[in-house]
Amino acid sequence: MIQANSVLLTLREVEKELSSTARCKKLVRSFYGEEHIPLAFVHSFGCQQNVNDGEKILGMLTSFGYGVTFEMEKADVVIYNTCAIRENAEKKVYGLVGELSHLKKKNPSVLIGLCGCMVQQSHVAEKLKFSYPQVDFVFGTHALTSFPTLFSGVLESALSGKRKRMFEIFDSDGRIAEYAPVYRLDRAKANLPIMYGCNNFCTYCVVPLVRGRERSRRSEDVLTEAKTLAAQGYREITLLGQNVNAYGKDLKDDLSFPELLLALNEIEGDFRIRFMTSHPRDCTKELIDAIAKCDKVCNHIHLPVQSGNDRILKEMNRHYDRKTYLSLIRYAKERIKNVTFTSDIIVGFPGETEEEFLDTLSLIEEVRYLALFTFIFSPREGTKAALMDDPVSYEEKNRRFQQLLSVQKKIEEQLHREMVGKTVRVLVDGFNRDHTRLYGHSEENLTVDFPGDEKQIGNFVSVRIDSMENRALLGHIID
Ligand code: SAH
Ligand code: SF4
Ligand code: F3S
């Protein structure tokens, strides 16, 4: 059954995209000839959700007959899947798109597209329309499910020789399409989106503006995909959502997030389960108990706190305070064996005083995070925080940022040192940069380097941690 709620594509809409897929296949053959297998390059910026959207775009392009390349210069179609979370992310994309004008001059038949969160913003789409003529097609986050229809139009215009640029930015919330094929970029780790969008409207954040309201996938679709992934031999499944704890709230008679974890844990196979992002607002003891109970769910929780100060948390519209956050952490430490935490922190939120910043430092020292993703506040068009008074200079914010990094560095070093002598179960990711050792991630999300051979990539091994050098953990395989 395809339609269960109004956000799912209807059967008729799915049929339309499948027939556009067939049309794209024919058009690809006419455009490039029977002999040549054209190549697609898709690069995603931003979070894992965006990476997963990129995998879907690649999945659709391969179903049209394209091969995949990771070298942009070799590609017949180039797509940047963009992120809008901070100004730097957008600047980078404008730089790269600027450079694409050379590629277009050298090879006028190359098709250039932009999609994702950044282009979902109307001011960005306008700028691309007028100042970046090298871009052939642009589609926002909500247009992803109708990509085959859009792309058949792109190919038709390319074949006709009369170039028509396409811009498809819908205001309405995106839909959920269960038909879309996925080209997975990793052979051992798979992303599994369980919900899209966000209802939280943290005052600094652009995500609700570019990704729309929360929409959960039905648990039966999530479970079916997880079973397929486990049967295909994937060793790690990461459940994705901007606020996974709100999973199921928009569905009738379906599972809650803790219930979904328990159901996923029952699936047979040697794989582990991660999830992100868990918002402290909806993180409950029930969820922590479920993590403790499920042997496949990793003992690592990414629980972004953003700030350790109650006034700032309120200004951010986070809906929890320091005390509640710390009590959750304490509960998780009691209930989940060897649990580790990571977090996101924003430094220099508008009006943050030195004392308020120091509250963040003391919280970090109390929790002892394994790693932090730290950001200096970046005003985003359309958000409340972008309109707030911001008297603190960038230099001062940067000084606080550096101080935060140095406090965190010491905590990380201590936590890593405590791991020396212990044995952890590691999923082997690949060779390190100089190709001398393998590296992988433990269940706790520690990165460990160790000698080994190619055969072990994508498998679990037990590693004893022997030493710490320049913050890296070094070990050896013991079975
Ligand atoms: N949904 C997730 C986070 C998604 S965005 C959550 O709520 O935790 C990832 C991180 O980017 C956020 O946690 C926040 O720390 C950071 N971020 C978001 N908007 C930002 C902004 N305007 N300036 C600086 N950092 C920002
Ligand atoms: Fe942004 Fe807040 Fe939603 Fe996370 S929960 S995506 S920070 S609005
Ligand atoms: Fe960026 Fe969009 Fe993710 S703004 S962080 S790619 S949801």
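The values are calculated or read from the model by the stated rules, or taken from the named source; none is laboratory data. Treat the numbers as computed from the prediction; the structure is a model and nothing was measured. Cβ: placed from backbone, ideal geometry, glycine included. Neighbour counts: every protein chain shown. These area figures cover heavy atoms from the full protein model, side chains too; ligands, DNA and RNA do not enter into them. Shrake-Rupley method; radii C 1.70, N 1.55, O 1.52, S 1.80 Å.
Filter the range 283-294 down to the residues that are touching a Lys or Arg at 6+ places or on another chain (Cβ under 9 Å) and surrounded by fewer than 21 Cβ atoms within 10 Å (Cβ to Cβ) and list them by number.
Pass one, the range 283-294, residues touching a Lys or Arg at 6+ places or on another chain (Cβ under 9 Å): 285, 288-289, 291-292.
Correct list: Lys285, Asp289, Ala292.
Can you tell which of Thr141, Thr149 is more than 16 Å from ligand 2 (Cβ to nearest atom) and out of contact with any His (no Cβ under 7 Å at 6 or more places or on another chain)? Before you say what the answer is, go through the steps one by one.
Details: Thr141 fails: more than 16 Å from ligand 2 (Cβ to nearest atom).
Every option except Thr149 fails the conditions.
Pick from the range 209-247 the residues that are open to solvent by 10 Å² or more (accessible area, probe 1.4 Å), in contact with a helix residue (DSSP H, G or I) (Cβ under 8 Å, 6 or more places away or on another chain) and in a loop (DSSP other than H, G, I, E, B): which of them is farthest from Tyr179 (Cα to Cα)?
Step by step, filter the range 209-247, then rank; the result is Gln242.
For a quick check of your reading of the model, give me the residue pairs whose first member lies in the range 284-308 and is on the phi > 0 side of the Ramachandran plot, whose second is hydrophobic (A, V, I, L, M, F, W, C) and open to solvent by 10 Å² or more (accessible area, probe 1.4 Å), with beta-carbon atoms closer than 6 Å and at least 6 apart or on different chains.
Gln306/Ile346
Could you tell me whether Lys127 is farther than 18 Å from Val154 by Cβ and part of a helix (DSSP H, G or I)?
Working: farther than 18 Å from Val154 by Cβ: yes; part of a helix (DSSP H, G or I): yes.
So Lys127 passes the test.
Take the range 260-277 and flag every residue that is more than 17 Å from Ile301 (Cα to Cα), in contact (Cβ under 8 Å) with a residue 24 or more places away in the chain and not aliphatic (A, V, I, L, M).
Of everything in the range 260-277, those that are more than 17 Å from Ile301 (Cα to Cα), in contact (Cβ under 8 Å) with a residue 24 or more places away in the chain and not aliphatic (A, V, I, L, M) turn out to be Glu268, Gly269, Asp270, Phe271.
Residues Val222, Val207, Val182: which one is within 14 Å of ligand 3 (Cβ to nearest atom) and of a type in the set (A, V, I, L, M)? Talk me through it step by step, then tell me what you get.
Details: Val222 fails: within 14 Å of ligand 3 (Cβ to nearest atom); Val182 fails: within 14 Å of ligand 3 (Cβ to nearest atom).
So the residue among Val222, Val207, Val182 that is within 14 Å of ligand 3 (Cβ to nearest atom) and of a type in the set (A, V, I, L, M) is Val207.
Can you tell me how many residues within the range 433-457 are open to solvent by less than 60 Å² (accessible area, probe 1.4 Å) and not in a strand (DSSP E or B)?
7
Where residues in the range 35-49 are buried (at least 21 other Cβ atoms within 10 Å of the Cβ) and out of contact with any Leu (no Cβ under 6 Å at 6 or more places or on another chain), which of them is farthest from Arg217 (Cα to Cα)? I'd like the intermediate steps shown before the answer.
Going through the range 35-49, the residues buried (at least 21 other Cβ atoms within 10 Å of the Cβ) turn out to be 38, 40-42, 44-45, 49.
Imposing the further condition that a residue be out of contact with any Leu (no Cβ under 6 Å at 6 or more places or on another chain) reduces the set to 38, 41, 44-45.
Numbers: Pro38: 33, Phe41: 28, Ser44: 22, Phe45: 23 Å.
Here the answer is Pro38.
For the range 32-51, what are the residues that are within 16 Å of ligand 3 (Cβ to nearest atom) and part of a helix (DSSP H, G or I)? Break it down stepwise before answering.
Just the residues of the range 32-51 that are within 16 Å of ligand 3 (Cβ to nearest atom), to begin with: 42-51.
Within the range 32-51, Gln48, Gln49, Asn50, Val51 meet the criteria.
Here's the yes/no breakdown for (1) out of contact with any Phe, Trp or Tyr (no Cβ under 8 Å at 6 or more places or on another chain); (2) hydroxyl-bearing (Ser, Thr, Tyr); (3) in contact (Cβ under 8 Å) with a residue 24 or more places away in the chain; (4) open to solvent by less than 70 Å² (accessible area, probe 1.4 Å):
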position: Val7; (1), (2), (3), (4): yes, no, yes, yes
position: Val14; (1), (2), (3), (4): no, no, yes, yes
position: Gly33; (1), (2), (3), (4): yes, no, no, yes
position: Val51; (1), (2), (3), (4): yes, no, yes, yes
position: Arg86; (1), (2), (3), (4): no, no, yes, no
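So, in the range 165-217, of the ones that are within 11 Å of ligand 2 (Cβ to nearest atom) and polar (S, T, N, Q), which residue ends up nearest to Val14 (Cα to Cα)?
Result: Asn199.
I'd like the residue in the range 370-403 that is assigned to a strand (DSSP E or B) and open to solvent by less than 60 Å² (accessible area, probe 1.4 Å) and, out of all such residues, is nearest to ligand 1 (Cβ to nearest atom). Give the derivation first.
Taking the range 370-403 and keeping what is assigned to a strand (DSSP E or B), we get 371-376.
Now narrow it down to the ones that are open to solvent by less than 60 Å² (accessible area, probe 1.4 Å): 371-372, 374-376.
On the way: Ala371: 13, Leu372: 10, Thr374: 8, Phe375: 4, Ile376: 7 Å.
By that ranking, first place goes to Phe375.
Answer yes or no: is there a residue in the range 272-292 that is acidic (Asp, Glu) and within 14 Å of ligand 2 (Cβ to nearest atom). Reasoning before the result, please.
The initial filter retains those residues of the range 272-292 that are acidic (Asp, Glu), namely 282, 286, 289.
Narrowing the set further to residues that are within 14 Å of ligand 2 (Cβ to nearest atom) leaves 282.
Yes, the conditions are met somewhere in the range 272-292.
Name the single residue, out of those in the range 439-473 being of a type in the set (S, T, N, Q) and over 17 Å from Tyr234 (Cα atoms), that is nearest to the chain's Cα centre (by Cα).
Applying the first criterion (of a type in the set (S, T, N, Q)) to the range 439-473 yields 442, 445, 447, 456, 459, 462, 467, 470.
Those still in the list that are over 17 Å from Tyr234 (Cα atoms) too: 445, 447, 462, 467, 470.
On the way: Asn445: 16, Thr447: 19, Ser462: 28, Ser467: 32, Asn470: 28 Å.
Here the residue is Asn445.
Any residue at all in the range 59-67 that is closer than 25 Å to Leu159 by Cα, within 22 Å of the chain's Cα centre (by Cα) and open to solvent by 40 Å² or more (accessible area, probe 1.4 Å)? Working first, answer last.
Narrowing the range 59-67 to residues closer than 25 Å to Leu159 by Cα: 59-67.
Those left that are additionally within 22 Å of the chain's Cα centre (by Cα): 59-62.
Okay, now just the ones that are also open to solvent by 40 Å² or more (accessible area, probe 1.4 Å), so 62.
Yes, the conditions are met somewhere in the range 59-67.
Which of the residues that make up the range 153-181 are within 25 Å of Glu126 (Cβ to Cβ) and among the polar types (S, T, N, Q)?
Ser157, Ser172
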